[in-house]
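Enquirer: Quick one: structure below, then a few questions.
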Amino acid sequence: MLSVVENCFSPRTAAFFDLDKTVIAKSSTLTFSKSFYQGGLINRRAVLRTAYTQFVFLAGGADHEQMEKMRAYLSALCKGWNVQQVKEIVAETLHDLIDPIIYDEAATLIEEHHTAGRDVVIVSTSGAEVVEPIGELLGADRVVATRMVVGDDGCFTGEIEYYAYGPTKAEAVRALAASEGYDLSRCYAYSDSATDVPMLEAVGHPHAVNPDRALRREATLREWPILVFNRPVRLKQRLPDFSMPPRPALVAAAAVGAAAVTAGLVWYVSRRRTPGATLPG
């Protein structure tokens, strides 16, 4: 159990959650592939490929190279999509697709952090059009997510505006701490991936959730708690009249200064291993 409610004289604190395989049991972006197919955005071949990609992601996690391949593939796939249509498809299918794959343990943690007076922030490499509605469903206070460039025609250009990945996540956490007054030494963070070690290092209470092999090794060496979430359950099934408290999900990535964005992109370009346009992994 988490600590009791923090008194009003304490510095503000927050709990930062990665999304895929930490709060939900699958990849948030890939989960909508069938809905995008039904909406005419992708063909049957793309559905099969995303299903295979989802399988690989679930079976072994995704290291940097795999994330780059996924990012490049999704970049090419989504270029030219109408943003408003994407938002409408996500809104129409959100509860059917995402509600059943939310980890019961994660939902409980979110409740406990709110009860303790902490903000809950979702920090995800997936695109904002997908992550923001999920954050609202979960009752998150803020959302940090990858943002795509949108052309004058209202469609994705295939270019990236802000990439929430690796050390850029940590920069976003620090920027939020500065703007919101969070005491990072008393904050919490949760992730399944070794790519999020910089974010976990940024807080006083890091936790590895369903960790990949690299993160499990790192967490063991650093004596970070290792949590196992394995009970996906619909939110409404957790309690008879359960519903998450209504909280606005805000795009916190905008709070990241230009220097932080530049630092993250320089790191990303230097590590890039696959060609192609840019889009969230």
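Enquirer: Regarding SER179, is this residue of a type in the set (S, T, N, Q), assigned to a helix (DSSP H, G or I), in contact (Cβ under 8 Å) with a residue 24 or more places away in the chain and at negative phi?
Expert: yes
Enquirer: Follow-up. Mind checking which residues of region 198-251 are of a type in the set (D, E, K, R) and at pLDDT 95 or above?
Expert: GLU201, ARG216, ARG217, GLU218, ARG222, GLU223
Enquirer: Considering region 205-235 alone, what residues qualify as being more than 18 Å from the chain's Cα centre (by Cα) and part of a helix (DSSP H, G or I)?
Expert: Residues satisfying the conditions are ARG213, ALA214, ARG216, ARG217, GLU218, ALA219, THR220, LEU221, ARG222, LEU235.
Enquirer: Also, I was wondering about something else. Is region 72-86 home to any residue that is closer than 24 Å to TYR190 by Cα, in a strand (DSSP E or B) and either at pLDDT 70 or above or of a type in the set (Lys, Arg) (or both)?
Expert: No, every residue in region 72-86 fails to be closer than 24 Å to TYR190 by Cα, in a strand (DSSP E or B) and either at pLDDT 70 or above or of a type in the set (Lys, Arg) (or both).
Enquirer: Collect the residues in region 87-110 that are touching a residue at least 60 places away in the same chain (Cβ under 8 Å), of a type outside the set (Ser, Thr, Tyr) and assigned to a helix (DSSP H, G or I), keeping them in residue-number order.
Expert: Scanning region 87-110 gives LEU97, ASP99, PRO100, ILE101, ASP104, GLU105, ALA106, ALA107, LEU109, ILE110.
Enquirer: Does THR22 satisfy the criteria of being touching a Lys or Arg at 6+ places or on another chain (Cβ under 7 Å), modelled with pLDDT of 85 or more and within 29 Å of ARG174 (Cβ to Cβ)?
Expert: no
Enquirer: On to the next question. Filtering region 150-168 down to residues that are part of a strand (DSSP E or B) and open to solvent by 40 Å² or more (accessible area, probe 1.4 Å), which residue is nearest to LEU109 (Cα to Cα)?
Expert: Out of the qualifying residues, it is GLU161.
Enquirer: I need the full set of residues from region 169-204 which are within 15 Å of THR22 (Cβ to Cβ) and either open to solvent by 50 Å² or more (accessible area, probe 1.4 Å) or more than 19 Å from the chain's Cα centre (by Cα) (or both), in order please.
Expert: none
Here is a yes/no grid of residues against (1) touching a strand residue (DSSP E or B) at 6+ places or on another chain (Cβ under 6 Å); (2) under 25 Å from THR31 (Cβ atoms):
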site: ILE122; (1), (2): yes, yes
site: GLU159; (1), (2): yes, yes
site: GLY181; (1), (2): yes, no
site: GLY204; (1), (2): no, no
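The values are calculated or read from the model by the stated rules, or taken from the named source; none is laboratory data. All figures in this text were calculated on a predicted structure; none of them were measured in a lab. When we count neighbours, we look across all protein chains shown, and the Cβ atoms used for this are built from the backbone with ideal geometry, even at glycine. Calculation scope for accessible area: heavy atoms of the full protein, side chains included, ligands and nucleic acids excluded. Shrake-Rupley method; radii C 1.70, N 1.55, O 1.52, S 1.80 Å.
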